[in-house]
Amino acid sequence: MDGIEQPGQVNKEALKKLKAGKRPPHNVQELVDGILAGNRTLLSKAITLVESSLPEHMELGQEVIAGCLRETRAQLQNANGKLQTANGKLPTADYRLPTAKSGENSIRVGITGVPGVGKSTFIEALGKYITSQGYRLAVLAIDPSSARSKGSILGDKTRMEELAVDPNAFIRPSPAAGSLGGVARKTRETIILCEAAGFDVIFVETVGVGQSETAVHSMVDFFLLLMLAGAGDELQGIKRGIIEMADVIMINKADGDNIGKAQAACMEYANALQLFPPADSGWLPVADICSARSKLGIDCIWELILEHRKTTLSNGYFYHQRMEQNRQVFRDAIDAGLHHHFFAQKGISEVIAGMEEEIREGRMNPYRAAQEVLGRYLGGLVD
């Protein structure tokens, strides 16, 4: 006997109702207005558009970013004009973040560290402290992507249970999707959208792969490095790379029987920091201990961030760094545009596939093959 026919995996009736009740896609102005009004749903949709690799989504996402930048700059100019009319001068920068929907009034904090250092627990502890001070916080958590399936778990919210339900916090996990440097491909654009939504502090939590995570340094104002004690990492303090980029090095998990080891590691890192030349920002890097579990040193970290902002604002380095970040965005946009244009050329995929076959069979040098492909591409542009 065949038995009872099993139902399909998809409920067709429910699918029809879902399609019938589906809203049409949002237009650019609707998304921009929603972001500026602090609508988290529309902010999330805009970030999804920006992260999408579909050409129509990429174009729409760029229009949303341009609209947010245009509106926030207009708001800042109007606010400055009103103050200038009233006081006869422009407002002076305050290191205590003024709440305003402008990237110039926010602070971007990059947080990185070795795997297992406790970045998520640390971010939740520091984030809860920041929101308790009346600030709005956005956390951009970068999740590693599988080299085989290309997928990501995106489970950072489950490790930040208290912060995830905080009305003054917004957590957005994003896949690394093959991007190097510990950040996602569209992290810079996501920062702009979060600032337009009125978030005062932006955390960028990197993947956590060690010395190679230097890309995040080019998109934040303050760079925080978390390290562990007793894990053989102390020698890394005398190496060039991510250590010399850190504004503050915190030895996390300084609790219980590990306090002594953390203090010893902190002293070694402090000594190592003295070997590096002075930073252009005028800031002297700090090494200290903390515990995200017991909340030890969390308030001190926030004071260090504010003190760093005060120092860089007073000597002009804060705005200089922001301009350098914009220059890097300009160069990265050119690289991305060239990459997209190259692979969008008609027949280029077939040419590359043919060259790869010849390389596999040993009939073509890979360097020579790359030169020929680029030659055909550049020749097509000239023609």
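Note on region 162-215: residues that are at pLDDT 90 or above, in contact with a strand residue (DSSP E or B) (Cβ under 9 Å, 6 or more places away or on another chain), part of a loop (DSSP other than H, G, I, E, B) and not small (Gly, Ala, Ser) total 4. Among the residues of region 271-280, is any more than 17 Å from residue 119 (Cβ to Cβ) and modelled with pLDDT of 90 or more? No, because not a single residue in region 271-280 is more than 17 Å from residue 119 (Cβ to Cβ) and modelled with pLDDT of 90 or more. Residues considered: 309, 368, 327, 360. Of these, the only one that is of a type outside the set (Ser, Thr, Tyr) and within 30 Å of residue 118 (Cβ to Cβ) is 309.
Pull up region 291-334, narrow it to residues that are β-branched (Val, Ile, Thr) and without any contact (Cβ under 8 Å) to a residue 60 or more places away in the chain, then point me to the one that is nearest to residue 225 (Cα to Cα). It comes out as 311.
Set side by side, the residues 343, 330, 318, 276 differ, and just one is part of a loop (DSSP other than H, G, I, E, B), under 30 Å from residue 218 (Cα atoms) and not small (Gly, Ala, Ser), which is 276.
Whether a residue is modelled with pLDDT under 85 and not assigned by TED's automatic domain parsing to the domain that holds residue 187 was assessed, and residue 42 does not pass this test.
The values are calculated or read from the model by the stated rules, or taken from the named source; none is laboratory data. Remember, predicted model here, so these are calculated numbers, not experimental data. Cβ atoms come from the backbone with ideal geometry, glycine included; neighbour counts cover every protein chain shown.
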